[in-house]
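Have a look at the structure below before the remarks.
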Amino acid sequence: MSTVNVTLMVNGHRYSRDVPARMLLSDFLRDELALKGTHVGCEHGVCGTCNVLLDGRAVRSCLMFAVQADGAEIRTVEGLAANGKLHPLQDAFWQKHGLQCGFCTPGMLISATELLERCPEPSEEQIREAVSANLCRCTGYFNIVEAVRHAAAELKGGSR
Amino acid sequence: MKPSAFEYVRPGNLDEALQALSRYGERGRILAGGQSLVPMMNMRLVAPEILIDVNRVTGLDRVRVEGADLVIGAMARHAALRESPEVARHCPLMTEAYGHVAHGPIRNRGTLGGNVSHADPASEMPAVLLACDATLTCRSVAGERSVAARDFFLGPLQTALRTGEMLTEIRLPVAPPSRGYAFEEHSARHGDFAVVAVAVTLDVAGGRVSRAAVAMAGFGDHAMRVPSVEAAVVGTACDARAIAAAAAAGRDAARPVPSYHADEAYKRDLVETLCARALERALTRCR
């Protein structure tokens, strides 16, 4: 089978692989790079469990081919914690019980990270809009919204 | 649900892309944002032999005013257009409609050109283009032609694009600041495709409607203008009675296509309600 080279940064590390063109970015991250934090739910773009940050923007990794990410900088959920410390959003999800089964959580964290990086003081409506990109079957979203609000406040307060 | 294998071509400029399209004909498909094509490939609804990835073709994503037109490159991402001050100023209907289009991650990759080339009958932007009398620039190795939005959307996932052609630009006449506009949509959840959506632009002169454009998505099997509703408000003061009559005319605009979310009767009710709301709101914005 013919392959195409993809060379990219993921969570600050450089990778170069030869993969079939049809390999989805989600499968590349999970299977080629063993980064299982990015989940696969629907593979048609509606559930959001596959969200990753590509050059700072949340995208559905199930709707991109890995080869399209050549030259890109990707951050997955594994790249949020730094120096052994949870990202404020991760800490907030924990503190505010923003997850139950955890399946949607990586995608939620990615959406929330993009939101807070672009809009550090989001309104409740903006938080709801951002997390509406992700399906959660467990929580009813209340504690997810709370967690994002809490993280925004913590980041603003400069406690990290 | 994984896509079948394909040959992958990544042209570095527009000429190379057009040549690839010409060479491969029906066997090749353009990969732009991928937010419509890749789901279909993942579900094996389509299995293109060759994908022509145009994401490295520069210069196709610009937004600018040229003369009397707002010109949007086909590769402009939805997210950029939603935040664009030029779009907000010269086509505020588009900005408003973007509040109903999908979700952030989809908008970050999806392109306006890809969306309208795909022409899902329930997609919002084709209705916006129709209500704004847009012109679509279609290019091939043979040259360029302009197609009016009215002549572009032909059926479900069917457009006037010919084999070997790709959309490069969308031109919309700059809206005068006095023009009223409104976009109304009903969908199962925020961000879903429209069950029915209505886009309206209105011009008023001397207390009477001098020009009206009404377009809908989700009702029939493709986005369409609604001349019967337009005719019912032009020349009137667009008062409650005229709006009611115009909205009622929308019910019979076309044969509604029943869907999972709405049967024919519900779609007719929806189009009447949404036409009325859109006309009312558009009027309040007229100067």
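Can you put A:E125, A:E154 in order of accessible area, largest first, using a 1.4 Å probe?
Details: A:E125 150, A:E154 70 Å².
From most accessible down to least: A:E125, A:E154.
Listed by chain and number, the lysines whose alpha-carbon sits under 30 Å from that of A:K96, ignoring those within fewer than 8 places in the same chain, are A:K36, A:K85, A:K156. Look at where the Cα atoms of the stretch B:138-169 and of the stretch A:88-125 average out, and the two centres are 42 Å apart. For the segment A:20-26, counting C-beta atoms of other chains within 10 Å of every residue's C-beta and taking the mean gives 4. Here the contact order of the stretch A:3-160, divided by its residue count and restricted to Cα pairs under 8 Å and six or more residues apart, works out to 24 percent. Contact residues in the stretch A:36-59 (at least 40 Å² less accessible area with all protein chains than alone, 1.4 Å probe): A:E43, A:H44, A:R57.
Heavy atoms of chains A and B lose about 2400 Å² of accessible surface on contact, summed over both sides with a 1.4 Å probe.
How many percent of the accessible area of the protein assembly as shown is carbon or sulfur, using a 1.4 Å probe? C and S fraction of accessible area: 50 percent. In a reduced charge model with +1 at each Lys and Arg Cβ and -1 at each Asp and Glu Cβ, chain A shows a dipole moment near 200 debye about its Cα centre. When the residues B:R208, B:R29, B:R171 are ordered by accessible surface, computed with a 1.4 Å probe over the protein chains alone, the sequence from largest down reads B:R208, B:R29, B:R171.
Could you state the number of Å between the C-alpha centres of the stretch B:170-197 and the stretch B:26-70? If we compute the Cα centre of each part, the gap is 22 Å.
Give me the accessible area per residue for chain A, probe 1.4 Å, as a whole number in Å². Walk me through the numbers before you get to the answer.
Details: 7200 Å² over 160 residues.
Accessible area per residue: 45 Å².
Where both residues lie in the protein assembly as shown, what percent of DSSP beta bridges are antiparallel, nearest 5? If we restrict to bridges inside the protein assembly as shown, about 85 percent are antiparallel. With the Cα gyration tensor of chain A giving a ≥ b ≥ c as the square roots of its eigenvalues, does the rule (a/c under 1.5 for rounded; else a/b larger than b/c for prolate; else oblate) give rounded, prolate or oblate? It is prolate, given that a/c is not under 1.5 and a/b is the larger ratio.
As a test of the formula, what do you get for the protein assembly as shown when each DSSP H run with n ≥ 4 contributes -39,500 (n - 2.57) and the sum is divided by the residue count, at 222 nm and rounded to the nearest 500 deg cm²/dmol?
Working: 15 runs with 141 residues, N = 447.
After summing the helix terms and dividing by residue count, I get -9000 deg cm²/dmol.
In the assembled protein chains, B:L21 presents an accessible area of approximately 10 Å² (probe radius 1.4 Å). Interface burial in the stretch B:102-147, defined as at least 20 Å² less accessible area with all protein chains than with the chain alone at a 1.4 Å probe, covers B:H103, B:P105, B:I106, B:N108, B:R109. For the stretch B:20-112, a simple Cβ point-charge model (Lys and Arg +1, Asp and Glu -1, everything else neutral) yields a dipole of about 260 debye relative to the Cα centre.
Near B:L18, once Lys and Arg are set to +1 and Asp and Glu to -1 for all other residues with Cβ below 12 Å from its Cβ, the sum equals -2.
Note on the stretch B:1-160: dipole from Cβ charges, positive end direction compared against B:S123, B:V87, B:V57; the farthest Cα belongs to B:V57. Residues in the stretch B:1-131 average 36 Å² of solvent-accessible surface per residue, probe 1.4 Å, ligands and nucleic acids excluded. Mean-square fluctuations from a GNM of chain B, with a 10 angstrom spring cutoff on Cα atoms, peak among B:R251, B:R77, B:R189 at B:R189.
The values are calculated or read from the model by the stated rules, or taken from the named source; none is laboratory data. Everything numeric in this text was worked out from a predicted model, so none of it was measured. We place every Cβ from the backbone using ideal geometry, glycine too, and count neighbours over all the protein chains shown. Ligands, DNA and RNA are stripped out before the accessible areas are found, and what is left, the full protein with its side chains, is counted by its heavy atoms. Shrake-Rupley method; radii C 1.70, N 1.55, O 1.52, S 1.80 Å.
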